Amino acid sequence: MCDHYPPCPPADATDHDSARLVATHPEQGWSLLCNGVVIFADTGELLPDGRVIPAPRSCPDQAA
């Protein structure tokens, strides 16, 4: 999917979030990265193979 140099990290790389934006829809709360990862405004992610990376949640009982 990535056709520029240097190429973006693949979706299975630990730094996959550093890929270039291809499309962004802030009014809908999501953006598409060059490597096929969809990132959501709540910081959750959808990988091209269908796996979901949920948004990190903090427990209110663990407030500092």
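Listed values, structure above:
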read-out: Region 20-26 - phi-based ³J(HN,Hα) in whole Hz, Karplus 6.51/-1.76/1.60, Gly and Pro as x; value: 5, 6, 9, 8, 9, 9, x
read-out: Thr24 accessible area, 1.4 Å probe, all protein chains in place, Å² to nearest 10; value: 80
read-out: Asp17 accessible area, assembled protein chains, probe 1.4 Å, Å²; value: 90
read-out: Accessible area of the chain belonging to carbon and sulfur atoms, whole % at 1.4 Å probe; value: 58
read-out: Rg ratio (alpha-carbon, reference 2.2 N^0.38 Å) - the chain; value: 1.28
read-out: 13 Å beta-carbon shell around Pro7, net charge (K/R +1, D/E -1); value: -1
read-out: Segment Ala55-Ser31, length gained on full extension (0.36 nm per residue, minus Cα span); value: 7.2 nm
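The values are calculated or read from the model by the stated rules, or taken from the named source; none is laboratory data. This one's a predicted model, so the numbers in the text were calculated from it and none came from an experiment. All Cβ positions, glycine included, derive from the backbone under ideal geometry; neighbour counts span all protein chains shown. Heads up: the accessible areas ignore ligands, DNA and RNA and are worked out on the full protein's heavy atoms, side chains in. Shrake-Rupley method; radii C 1.70, N 1.55, O 1.52, S 1.80 Å.
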